[in-house]
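For reference, the structure discussed in these notes is given below.
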Amino acid sequence: MMTPRSHGSAGVLPGSAAAESLVEGLAAQDFAELGGAFAADACLRALLPAGLREWAGAEAIARVFARWFGDTEDFELIEATVGEVGGRLHLHWRLRLRAERLGAGWFTVEQQVYADTDGSGRIVRLDLLCTGYRPEGDHD
């Protein structure tokens, strides 16, 4: 499911435990685990189809992810990667989901993320780009 991809130096990525916790929490729709990847004063800046949005604090960020990806009838993490680019964490995930709030059928959403961590390895800044929920063709 998750494929580590090194875009830079070899070895253990700084903050990779937090990145993996974020992706594993997302995959399990465990937003408490996802929130634990963030420092208490973390910031999320997201470019969404509706425009640029920002949130501050680990709890607020976890609530945002819960709003985006919670309350679903079906939910699949199709692919995820964790890597590094120029000293920043790079994360990518693609999800499929069905949720009444989105309408009938399956939707795909993909997000690209760049993140910075603190000395304890927790994420302090997350810059995210999102495709939005894209309707799929007929799927059972």
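See the values below:
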{"quantity": "Per-residue ³J(HN,Hα) for the range 29-45, Karplus 6.51 cos²θ - 1.76 cosθ + 1.60, θ = phi - 60°, Hz, x for Gly and Pro", "calculated": "6, 9, 6, 5, 4, 4, x, x, 6, 9, 5, 4, 9, 4, 10, 10, 10"}
{"quantity": "In order through the range 90-103: 3J(HN,Hα) via Karplus (6.51 cos²θ - 1.76 cosθ + 1.60), integer Hz, x for Gly, Pro", "calculated": "10, 10, 9, 8, 10, 10, 10, 7, 10, 8, 4, 5, 8, x"}
{"quantity": "Radius 13 Å from Cβ of Asp116, net charge of other residues (Lys, Arg +1; Asp, Glu -1)", "calculated": "0"}
{"quantity": "Degrees, to the nearest 10: 16-27 long Cα axis against longest axis of the chain", "calculated": "10 degrees"}
{"quantity": "Estimated vicinal HN-Hα couplings, Hz - the range 77-88 in sequence order (Karplus 6.51, -1.76, 1.60; Gly, Pro = x)", "calculated": "8, 7, 7, 8, 9, 10, x, 9, 9, x, x, 10"}
{"quantity": "Sum of side-chain charges, Arg88 neighbourhood, beta-carbon under 12 Å (Lys, Arg +1; Asp, Glu -1)", "calculated": "-2"}
{"quantity": "Where the chain is the region considered: accessible area per residue in Å², 1.4 Å probe", "calculated": "51 Å²"}
{"quantity": "GluC sites (Glu not before Pro), loop per DSSP, at most 16 other Cβ atoms within 10 Å - longest free stretch of the chain", "calculated": "1-72"}
{"quantity": "Förster radius 22 Å - calculated FRET efficiency between Asp118 and Arg96, Cβ distance, rounded to 0.05", "calculated": "0.10"}
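The values are calculated or read from the model by the stated rules, or taken from the named source; none is laboratory data. None of the values given here were measured: they were computed from a predicted structure. Don't worry about glycine lacking a Cβ; one is built from the backbone with ideal geometry, like all the others, and counts go over all protein chains shown. Keep in mind that these areas ignore ligands, DNA and RNA; they rest on the heavy atoms of the full protein, side chains included. Shrake-Rupley method; radii C 1.70, N 1.55, O 1.52, S 1.80 Å.
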